[in-house]
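Down below is the structure, laid out as C-alpha cells.
The values are calculated or read from the model by the stated rules, or taken from the named source; none is laboratory data. What you see is a predicted model, and the numbers here were worked out from it, not measured in a lab. Neighbour counts are summed over all protein chains in view; Cβ atoms, including those assigned to glycine, are modelled from backbone coordinates with ideal geometry.
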Amino acid sequence: MRHLIVNIGQLLTMAGGDRPRRGKEMGAVHPILDGAVLVEDGKIAAAGFKDLVLNDGRARGSRIIDAGGRVVLPGFVDSHSHPVFAAPRLDDFESRIRGKTYEEIAARGGGILSTVDKVRGATQSALTAGLQARAARFIEAGTTTLEAKSGYGLDLDTELKMLRAIETVGSGGPLELVGTLLAAHAVPPEFEGKKDEYVRAVCSEIIPRVAGEGLAKFVDVFCENGYFSVEDARQVLAAGAKAGLRGKVHAEQLSLSGGTQAAVGLNAVSADHLERCAEPDILALAASGTVATLLPGSDYFLSKPYPDARKFIDLGAAVALATDFNPGSCPCWDMRMILSIACTQMRMTPVETLVAATINGAHALGLGATHGSLQAGKAADLVCWEAVDYREIPYFFGASGAAWVMKAGNIVHSKEDIRL
Ligand code: NIG
Ligand code: FE
C-alpha cells in the first residue's frame, strides 16, 4: 500500500547523517516549501521537494493525502517518561502551592514512595488500562514513540508488573513504547537504611530477570542526594551493560551530584534533567556520544531553575527534549507545551526545539537509524500540524494542534475525514 502526501506548505524532514544533531547543527534545519512524502508499507519511500518525489516511479497510482498547505514533521520521539501509575499526586501539588518543596514532601511520605504504595496495590490490568488511556493522549499530541520507565514498584514483582503493562500497551499500538527499568528510582521502605543491600538486589536479581524476559531496552538510575550516589549509578549501569541494557541517568536535577560525568564515563545513551550541571559536565557531554536530555516541564511544574540550554548547544552538546511525564513532577504529555517552555524560558529557537524533540529524541533511545526523521527506509511516523509555519508549534502553547498523525504508515489520529 502506497500513500503520497502532497501540498505540504513546510516540510521538515530532519534528514541528515546517522548521529544526533549537535551544537550549531541543531539550528541549521530549513523547511522545504511545497514538499511531498511517499510512504510504502509503513516506511518512508521518498521525502523532499515535490517535483523529486513525484518523479519517483512508485508515486504513480499511490493514494493521495492532501496536507492542505500545512506543516508536516516527523512524529515526536518523547525519550523520557514515567507513564505507569495508579493515581495523580494532587495532595503533593497542593502542598507545593502552599509552600512545601518537592524534597520536603518526599521526606514526609509523599513523593515517589507514595506512588509506589499505590502501584504495588494495583493489578496489572488496571495499570495497563490506565497506560492505554494515556497513550491515546500522547498520540493526539503528535508523539509517535515514547520511552516508558518502571520505577514505582521497587521490588521484582511490581517492576515486572509495570514493564508487562508497558509491553502490552506498546505491542497493541499505535503508540510505540520503549521500556526502561528504573528500579533504582528510590530506596523502598523495606530497605530503609539498607540502600547498599537494595542496590545489590537491583543488580543481581531485578536487572538480570528483566533483561532475561526482554522487558526493557535501558536501565536508568536516579542519581541524587538522598536517592542514589554516583557509585550506586556505576554499579547499576555496569550490571545493566552485563545484561545487555544500555544506561540512562537522572542526573543533576535537584543538586550537582556527579551523575552526568558517570553517565558519560559509562557510555550511557543519555543523561537526563541536567538542571544543575556545571561547565565541565556540559563539556564532557559535548565530547561524548551521550545525548543531553532536558526536561523543562518538571522545572515549570516544581518551580525549579531551568537548565542552561543555550550553553549546552553553544558548547556542542546533542540536546533532546522530552516530557518526563509522571504523576509527581510533570503531569504533561504534550510535547508542544515542552517546546514552548524551551523557547520562552531556555532560549532555544523553534527549530532547535523541533530537532531536539524528533531526531535527537530518537538517538536518545538508540533509534536514530530508524526513527526521528523522514528519510527513505525509516518509519513513516509523521504529523500534519494545524499550522502554515513550523514556528506556530511552540508559539500557540497549550493548544492541541495535530490535524492528523501517521504511525508506521497508518493514520492513527485525525481531526479530518481521511480514509486510507
Ligand atoms: O524525573 N526525578 C525522579 N523521577 C521523576 C519524578 C518522579 C516522581 O516524582 O514521581 C522525575 O522528575
Ligand atoms: Fe524522570
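Give the number of residues within region 124-154 that are of a type in the set (Asp, Glu) and in a strand (DSSP E or B).
From region 124-154, those of a type in the set (Asp, Glu) are 140, 147; that's our starting set.
Now drop any that are not in a strand (DSSP E or B), which leaves 147.
The qualifying residues number 1.
Would you mind telling me which numbered condition in (1) out of contact with any Ser or Thr (no Cβ under 7 Å at 6 or more places or on another chain); (2) touching a residue at least 40 places away in the same chain (Cβ under 8 Å) ASP308 fails?
ASP308 satisfies every listed condition except (2).
Scan (1) part of a helix (DSSP H, G or I); (2) out of contact with any Leu (no Cβ under 8 Å at 6 or more places or on another chain); (3) within 16 Å of ligand 2 (Cβ to nearest atom) for the single condition ARG310 breaks and write down its number.
ARG310 satisfies every listed condition except (3).
All but one of (1) surrounded by fewer than 22 Cβ atoms within 10 Å (Cβ to Cβ); (2) outside any loop (DSSP other than H, G, I, E, B) hold for ALA165; state the number of the condition that does not hold.
The single condition ALA165 does not satisfy is (1).
Residues are listed down the side, and each one gets a yes or a no for (1) in contact with a Lys or Arg (Cβ under 9 Å, 6 or more places away or on another chain); (2) aliphatic (A, V, I, L, M); (3) at pLDDT below 95:
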site	(1), (2), (3)
ALA309	yes, yes, no
PRO331	yes, no, no
GLY361	no, no, no
LEU365	yes, yes, no
GLY372	yes, no, no
TRP385	yes, no, no
GLY409	yes, no, no
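Can SER81 be described as farther than 26 Å from TRP404 by Cβ, of a type in the set (Ser, Thr, Tyr), within 16 Å of ligand 2 (Cβ to nearest atom) and in contact with a Leu (Cβ under 7 Å, 6 or more places away or on another chain)?
On the way: farther than 26 Å from TRP404 by Cβ: no; of a type in the set (Ser, Thr, Tyr): yes; within 16 Å of ligand 2 (Cβ to nearest atom): yes; in contact with a Leu (Cβ under 7 Å, 6 or more places away or on another chain): yes.
No.
Among the listed residues ALA318, ALA357, which satisfies the condition of being touching a Phe, Trp or Tyr at 6+ places or on another chain (Cβ under 8 Å) and surrounded by 22 or more Cβ atoms within 10 Å (Cβ to Cβ)?
On the way: ALA318 fails: touching a Phe, Trp or Tyr at 6+ places or on another chain (Cβ under 8 Å).
Answer to the selection: ALA357.
So which of ASP78, ASP92 is modelled with pLDDT of 95 or more and over 23 Å from the mean Cα position of the chain (by Cα)? Full working, then the answer.
Values: ASP78 fails: over 23 Å from the mean Cα position of the chain (by Cα).
From the options ASP78, ASP92, the qualifying one is ASP92.
Quick one: is GLY69 touching an Asp or Glu at 6+ places or on another chain (Cβ under 6 Å) and away from ligand 1 (no atom under 14 Å from the Cβ)? It would help to see each step written out before you state the result.
Numbers: touching an Asp or Glu at 6+ places or on another chain (Cβ under 6 Å): no; away from ligand 1 (no atom under 14 Å from the Cβ): yes.
Judged against the criteria, GLY69 is not a match.
Tell me, which helices (runs of 4 or more DSSP H) wholly within region 212-302 include 3 or more residues that are in contact (Cβ under 8 Å) with a residue 40 or more places away in the chain, within 14 Å of ligand 2 (Cβ to nearest atom) and buried (at least 19 other Cβ atoms within 10 Å of the Cβ)?
Working: elements: 230-243, 259-265, 279-286, 296-302.
Filter on region 212-302 gives 296-302.
Surrounded by fewer than 22 Cβ atoms within 10 Å (Cβ to Cβ) and of a type in the set (S, T, N, Q) - does that describe any residue in region 177-184?
no
Which ones in region 102-116 are within 15 Å of ligand 2 (Cβ to nearest atom), among the small types (Gly, Ala, Ser) and in contact with a Lys or Arg (Cβ under 7 Å, 6 or more places away or on another chain)?
Those that are within 15 Å of ligand 2 (Cβ to nearest atom), among the small types (Gly, Ala, Ser) and in contact with a Lys or Arg (Cβ under 7 Å, 6 or more places away or on another chain): none in region 102-116.
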